[in-house]
Amino acid sequence: MIRTIAVVGGGVAGIAAAIRLAEAGERVTLIETRKRLGGRATSFVDPRSGQTLDNCQHVLMGCCTNLIDLYQRLGVLDRIEWHPRTYWANPPHEPDVLEPGWLPAPAHFTRSFLRMRMFTFAQKRAIARAVWALIRMGIKGRLTWRGRTFAEFLASVEQPPSVVQRYWDAVVVSACNLPVDRCDASYAIKVFQEGFIGGGWAATMGISTVPLVELYDRAEALIRERGGNVELGTSARAIAYDGTRVTGVVTEHGLVPSAAVISAVPADRLDKLTSDVVKAADHRLRSLDRITPSPILGVHLFFESPIMTTPHLVLPGRGVQWLFAKGEDEGGRHHVHAVISGAEAWMELDEEEIVRRVMADVQWALPAARGLEPLEARAVKEKRATFAVVPGIDAFRPSTLPDVRGGIPNLFLAGDWTDNGWPATMEGACRSGYAAATAVTGQGGVIDDVPIGLLAGILGLR
């Protein structure tokens, strides 16, 4: 008998869950407040210009096995451009290039790292000392750092403040959306162990060549082709509960009855969808207010002439962490996307001040931008972009399905903020969606991680 399964939330987690449910033969109803799928990792039509702009420049890495799998199922993997090189601004010199070489992991970055001019020999020795500690502690060793900040780990391996600011913080704030002095050490360590040290392909960066929303357009068709339904522009009001099981989702248009519900909305949104009675029946819902957000700021800049010679650029030690060259728009203007992660201090600034500060960093990093002002600028604040991976957060991240402590048996949770083993990333969201669908259907499962390289494993990273 075909059941109806309701999925609330059309972000990456909800799309991942809905696709896997549909593939397993379930009739899916995907409910999304916005008019398009993608959630916080999507695009919008700018009312000022009519252009489609990304909320922020989200990227994936070679270690994101589940997100890559989802894009393959959606038939959009060919719209991802892979970049093994990353470029690091080092004015007045040309950008430093970090890229894997022929040596096996964990030595694959050695040659290009030694050639970076932005660090002195002493600073490179300090970074190497910390990397060796990350290798020797192994995968299990990072668990001993749960509940402490990554800054504490860096202090334990004697990292100079200049190295912390220009290297470690530049990577961590981009990957975890928090600076090193606020990020739980175990998740920052995971980023380096599995994303940079464990294998040559893992650190390869994937960037969409189309607006993010176009990556998800196929999802709606796939769900409908398998007998499901996608209700866009529909606001969920509550999760219906009969005292034993959930019975569906109450929306602005009425009840969507279902045999099970997968909630794939942020923690604060789920908190509003569940009554006190529901929270009392399911321990996973009782600490939702302990999961707090961390913002991201994206600033779209349009110039009369090109200012970037690289596809992207890391700005170490600056307020802006990344610049992405987006090519020419329909009017021939050159589009640059600036990204500020962990942007809490920027949220109260007006757009004029934001653009002024961003342009100061752009002109510091790019000689071609000096003396120029953008023809147009658009600041996009995502105040609730991700959850904050602060020390102690694991105590409050709920599991996908009820555990030994009990819970509502047909209510499943998904989202980057759930207990999926990853920090605040699209990969974590996708994993949680796959896990929730597997819990409902008994089919599929989470895609395996990229294996740790042989040499890295022999040296201790296992």
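Give me the lysines in straight-line cross-link reach of LYS35: C-alpha distance below 20 Å, same-chain residues under 8 apart excluded.
LYS381, LYS383
Between the DSSP loop rule and a limit of at most 16 other Cβ atoms within 10 Å, which GluC sites (Glu not before Pro) in the stretch 266-368 are left?
Those that pass, being in a loop and sparsely packed, are GLU304, GLU330, GLU348.
Arrange the residues ARG148, ARG40 by how much accessible surface each exposes, largest first, with a 1.4 angstrom probe.
Of ARG148, ARG40, the descending order of accessible area is ARG148, ARG40.
What is the magnitude of the charge dipole of the chain about its Cα centre, with +1 placed on the Cβ of each Lys and Arg, -1 on the Cβ of each Asp and Glu, and no other charges, expressed in debye to the nearest 20?
That gives the chain a dipole magnitude of about 1160 debye.
Among DSSP beta bridges whose residues both lie in the chain, state the antiparallel percentage, nearest 5.
Restricted to the chain, the bridges split so that about 75 percent are antiparallel.
Specify the angular offset, from 0 to 90 degrees and rounded to the nearest 10, of the alpha carbon long axis of helix 65-74 from the longest principal axis of the alpha carbons in the chain.
Approximately 60 degrees, to the nearest 10.
I need to check one value: relative contact order of the stretch 1-56, counting alpha carbon pairs closer than 8 Å and at least 6 residues apart, in percent.
That works out to 33 percent.
With the contact rule set at Cα under 8 Å and sequence spacing of 6 or more, what percent relative contact order holds for the chain?
This gives 25 percent for the chain.
Can you tell me the dipole magnitude for the stretch 153-281 around its Cα centre, using point charges on the Cβ only (Lys, Arg +1; Asp, Glu -1), in Debye to the nearest 20?
It comes to approximately 160 debye.
What FRET efficiency do you get for ARG290 and ARG237 if R0 is 22 Å and r is their Cβ-Cβ distance, rounded to the nearest 0.05?
After rounding to 0.05, the efficiency reads 0.40.
Amide H of ALA41 versus every other amide H placed in the peptide plane: which residues, excluding those fewer than 5 positions away on the same chain, fall under 5 Å?
Amide H neighbours of ALA41, under 5 Å, 5+ apart: VAL12.
Over the stretch 63-209, what is the mean sequence separation of C-alpha contacts under 8 Å (at least six apart), divided by residue count, expressed as relative contact order in percent?
Computed over the stretch 63-209, the figure is 32 percent.
If we sort 23-34, 273-284 on the protection proxy, mean other Cβ atoms within 10 Å, highest first, what's the order?
Put in order of decreasing packing, that is 23-34, 273-284.
Okay, helix-only estimate at 222 nm for the chain: each DSSP H run of n ≥ 4 adds -39500 (n - 2.57), divide by all residues, round to 500 deg cm²/dmol; what do you get?
Calculated at 222 nm, the ellipticity per residue is -8500 deg cm²/dmol.
Quick one: angle between helix 12-23 and the longest Cα principal axis of the chain, in degrees between 0 and 90, rounded to 10, please.
Roughly 50 degrees between the two axes.
Of the peptides 238-249, 434-445, how do they stack up when ordered by the mean number of other Cβ atoms within 10 Å, highest first?
Top to bottom by mean Cβ count within 10 Å: 434-445, 238-249.
Where in the stretch 218-247 does the amide nitrogen come within less than 20 Å of the point 7 Å from the Cα of HIS253, taken along Cα to Cβ?
218-240, 247
Full extension from TRP201 to GLU373: what is 0.36 nm times the residue separation minus their Cα-Cα distance, to one decimal in nm?
Extra length from TRP201 to GLU373 when fully extended: 58.1 nm.
Taking loop as defined by DSSP and a crowding limit of 13 other beta carbons within 10 Å, which GluC sites (Glu not before Pro) in the stretch 174-263 fit?
GLU252
Please list, by residue number, every one of the chymotrypsin sites (Phe, Trp or Tyr not before Pro) in the stretch 1-86 that is coil in DSSP and has at most 12 other beta-carbon atoms within 10 Å.
For chymotrypsin sites (Phe, Trp or Tyr not before Pro) across the stretch 1-86 that sit outside H, G, I, E and B with at most 12 neighbouring Cβ atoms in 10 Å, the list is empty.
Compute the helix-to-body angle for 121-141: its Cα long axis versus the longest principal axis of the chain, expressed 0 to 90° and rounded to tens.
30 degrees
Please state the charge dipole magnitude for the stretch 267-354, taken about the Cα centre, from unit charges on C-beta atoms (+1 on K and R, -1 on D and E), reported in debye and rounded to the nearest 20.
Dipole of the stretch 267-354, to the nearest 20 debye: 600 debye.
The values are calculated or read from the model by the stated rules, or taken from the named source; none is laboratory data. Model, not experiment: these values are computed from the prediction. Note that we place each Cβ from the backbone using ideal geometry, even for glycine, and neighbour counts take in every protein chain shown. Ligands, DNA and RNA are excluded from the accessible area calculation, which covers all protein heavy atoms including side chains. Shrake-Rupley method; radii C 1.70, N 1.55, O 1.52, S 1.80 Å.
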